[in-house]
């Protein structure tokens, strides 16, 4: 079986995380190239993970003979790169968020669909064992989702600038927004608040460090999310609970949860999975490429999640509830 030739655009931390997953799947993938506008970073990436280092994207496309491009650049500097790749028939895995506005996201999605290539978005929480167990269970309709995402770090310089990352809502808490869609479907309304409370004196830090979102459904269902960058230093706290007609789930991550059957005799199930979601995501993408079928999380699916995150951002800026079917 011919291995899938993979190249990276952007050679920072998340690229190295994906590259580690590729090594685990060496029977499916060959890492052949890494491109970064800072050649020393691309060279360090290649030394660690294999492949050839490039500073010029077009040259990598000309020489790399890629089957798959993994886009791990910060979203603000993705300027037509994906469109160039799909025009050559190269499949895509794009890290979230696809872009910082819907017009740019839609341009990438439409280009991929016109080219007929396989294009996935990097929402790896969906590949965890606890998430999969919930989706396979007879839960009935979910009526309430409550999620939290908290950390305390300065991260990369680009992340601290809203023009570069979109802020914590769009760049990190978007994972929980995606789970709202996965567990509960598409909401009808959104109301959000956000503020920069404690980083105003931090140079070049203009994103929110506290936020909250309420998604609503016209039938009465509710999802609430809260996030911050003022919590425990060095700790990423991500959890969520889902309350459904026949089951309640308390998740402490994508692999770990307590599930309670609440209809009839109450029963408790503990899920303590070991799946690496980055590996699972790439394994599923490899199968989708070989079978020429849509991946589990398509780019268009990811754009629907981005739409909700951007609507929450707009709601916070305008201090009002928005209806999500009003052309946002």
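The number of residues in the stretch 271-295 being out of contact with any helix residue (DSSP H, G or I) (no Cβ under 6 Å at 6 or more places or on another chain) and either at pLDDT below 95 or within 28 Å of residue 100 (Cα to Cα) (or both) comes to 9.
To keep it simple, each residue is scored yes or no on (1) surrounded by 16 or more Cβ atoms within 10 Å (Cβ to Cβ); (2) in contact with a helix residue (DSSP H, G or I) (Cβ under 7 Å, 6 or more places away or on another chain).
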site: 269; (1), (2): no, no
site: 297; (1), (2): yes, yes
site: 307; (1), (2): yes, yes
site: 321; (1), (2): no, yes
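Screening 260, 243 for residues that are assigned by TED's automatic domain parsing to the domain that holds residue 147, over 19 Å from the mean Cα position of the chain (by Cα) and in contact (Cβ under 8 Å) with a residue 60 or more places away in the chain leaves exactly one candidate, 243.
For the stretch 275-294, indicate whether the set of residues that are touching a residue at least 24 places away in the same chain (Cβ under 8 Å), part of a strand (DSSP E or B) and closer than 16 Å to residue 95 by Cα is non-empty. Within the stretch 275-294 (the criterion being touching a residue at least 24 places away in the same chain (Cβ under 8 Å), part of a strand (DSSP E or B) and closer than 16 Å to residue 95 by Cα), the answer is no, since none of the residues qualifies. Mind listing just one residue for me: the one in the stretch 4-34 that is in a loop (DSSP other than H, G, I, E, B) and crowded, with 16+ Cβ neighbours inside 10 Å and, of those, modelled with the lowest pLDDT? Restricting to residues being in a loop (DSSP other than H, G, I, E, B) and crowded, with 16+ Cβ neighbours inside 10 Å, the top hit is 12.
Right, residue 232: over 27 Å from residue 154 (Cβ atoms) and either assigned by TED's automatic domain parsing to the domain that holds residue 130 or part of a strand (DSSP E or B) (or both) or not? Spelling it out, it is not the case that residue 232 is over 27 Å from residue 154 (Cβ atoms) and either assigned by TED's automatic domain parsing to the domain that holds residue 130 or part of a strand (DSSP E or B) (or both). The residues on offer are 73, 69, and the sole one that is under 26 Å from the mean Cα position of the chain (by Cα) and either over 10 Å from residue 7 (Cα atoms) or outside any strand (DSSP E or B) (or both) is 73. Has the stretch 49-67 got at least one residue that is touching a strand residue (DSSP E or B) at 6+ places or on another chain (Cβ under 7 Å), without any contact (Cβ under 8 Å) to a residue 24 or more places away in the chain and buried (at least 21 other Cβ atoms within 10 Å of the Cβ)? Looking through the stretch 49-67, at least one residue is touching a strand residue (DSSP E or B) at 6+ places or on another chain (Cβ under 7 Å), without any contact (Cβ under 8 Å) to a residue 24 or more places away in the chain and buried (at least 21 other Cβ atoms within 10 Å of the Cβ).
The values are calculated or read from the model by the stated rules, or taken from the named source; none is laboratory data. In this text, all values refer to a predicted model and were calculated from it rather than measured experimentally. Positions of Cβ are generated from backbone atoms using ideal geometry, with glycine treated the same way; all protein chains shown enter the neighbour counts.
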